[in-house]
Amino acid sequence: MKIVGVSACTVGIAHTYLAQQKLEDAAKKAGDQVKIETQGTIGVENELTQQEIDEADIIILAVDVKISGEERFAGKKKVKVSTEVAIKSPNKLIAKLHELAGK
């Protein structure tokens, strides 16, 4: 399955990158292709291309704040959770994405 998403926390430092790492590790463990864009204090990193978004089976938004570019995901299946959920329960979250995507 192909998963793309965004992580962003209120401060834009630790939780943004922890959520990214936990989601990527859990998705890879499940055999998925994954790319998580971060929106932190230093701006957007690991930016998703429109092609990556179009090819994704599902979108994960692990965010605690309003993100820029959310309209890019219009029409796609997406799940929005807090960064805390992504950090504390990444394997359960990836399993839930599989259920929702029917994969």
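The values are calculated or read from the model by the stated rules, or taken from the named source; none is laboratory data. Since the model is a prediction, treat every value here as computed from it, not as a measurement. Ideal geometry is used to build each Cβ from the backbone, glycine not excepted, and the neighbour counts take in all protein chains shown. Only protein heavy atoms, including side chains, enter the accessible area calculation; ligands, DNA and RNA are left aside. Shrake-Rupley method; radii C 1.70, N 1.55, O 1.52, S 1.80 Å.
Going by the structure shown, is residue 30 among the small types (Gly, Ala, Ser), over 17 Å from residue 9 (Cβ atoms) and at pLDDT 95 or above?
yes
Quick check on the range 25-39. Is at least one of its residues of a type in the set (Val, Ile, Thr), touching a residue at least 12 places away in the same chain (Cβ under 8 Å), in a helix (DSSP H, G or I) and surrounded by 13 or more Cβ atoms within 10 Å (Cβ to Cβ)?
The answer is no, given that none of the residues of the range 25-39 is of a type in the set (Val, Ile, Thr), touching a residue at least 12 places away in the same chain (Cβ under 8 Å), in a helix (DSSP H, G or I) and surrounded by 13 or more Cβ atoms within 10 Å (Cβ to Cβ).
Among the residues of the range 45-54, is any out of contact with any helix residue (DSSP H, G or I) (no Cβ under 8 Å at 6 or more places or on another chain) and farther than 21 Å from residue 16 by Cα?
yes
Just give me the residues in the range 1-24 being in contact (Cβ under 8 Å) with a residue 24 or more places away in the chain and of a type in the set (S, T, N, Q), in sequence order.
Across the range 1-24, the qualifying residues are 7, 10, 16, 20.
When you look at residue 21, is it open to solvent by 30 Å² or more (accessible area, probe 1.4 Å), assigned to a helix (DSSP H, G or I) and more than 19 Å from residue 67 (Cβ to Cβ), yes or no?
no
Take the range 58-70 and flag every residue that is among the charged types (D, E, K, R) and either open to solvent by 80 Å² or more (accessible area, probe 1.4 Å) or assigned to a strand (DSSP E or B) (or both).
The one that is among the charged types (D, E, K, R) and either open to solvent by 80 Å² or more (accessible area, probe 1.4 Å) or assigned to a strand (DSSP E or B) (or both): 66.
Please enumerate the residues belonging to the range 71-100 that are surrounded by fewer than 16 Cβ atoms within 10 Å (Cβ to Cβ), touching a residue at least 60 places away in the same chain (Cβ under 8 Å) and not polar (S, T, N, Q).
Hits for the range 71-100 are 84, 95.
If I ask for residues that are assigned to a helix (DSSP H, G or I) and either among the polar types (S, T, N, Q) or within 12 Å of residue 2 (Cα to Cα) (or both), which ones from the range 71-103 would you list?
Hits for the range 71-103 are 83, 91, 94, 97, 98, 101.
Among the numbered conditions (1) at pLDDT 95 or above; (2) outside any helix (DSSP H, G or I); (3) loosely packed, with under 13 Cβ neighbours inside 10 Å, tell me where residue 11 comes up short.
Result: residue 11 fails condition (1) only.
Tell me whether the range 41-57 contains one or more residues that are open to solvent by less than 40 Å² (accessible area, probe 1.4 Å) and of a type in the set (S, T, N, Q).
Checked against the condition, which is being open to solvent by less than 40 Å² (accessible area, probe 1.4 Å) and of a type in the set (S, T, N, Q), the range 41-57 yields no hits at all.
When you look at residue 74, is it touching a Lys or Arg at 6+ places or on another chain (Cβ under 9 Å) and not acidic (Asp, Glu), yes or no?
no
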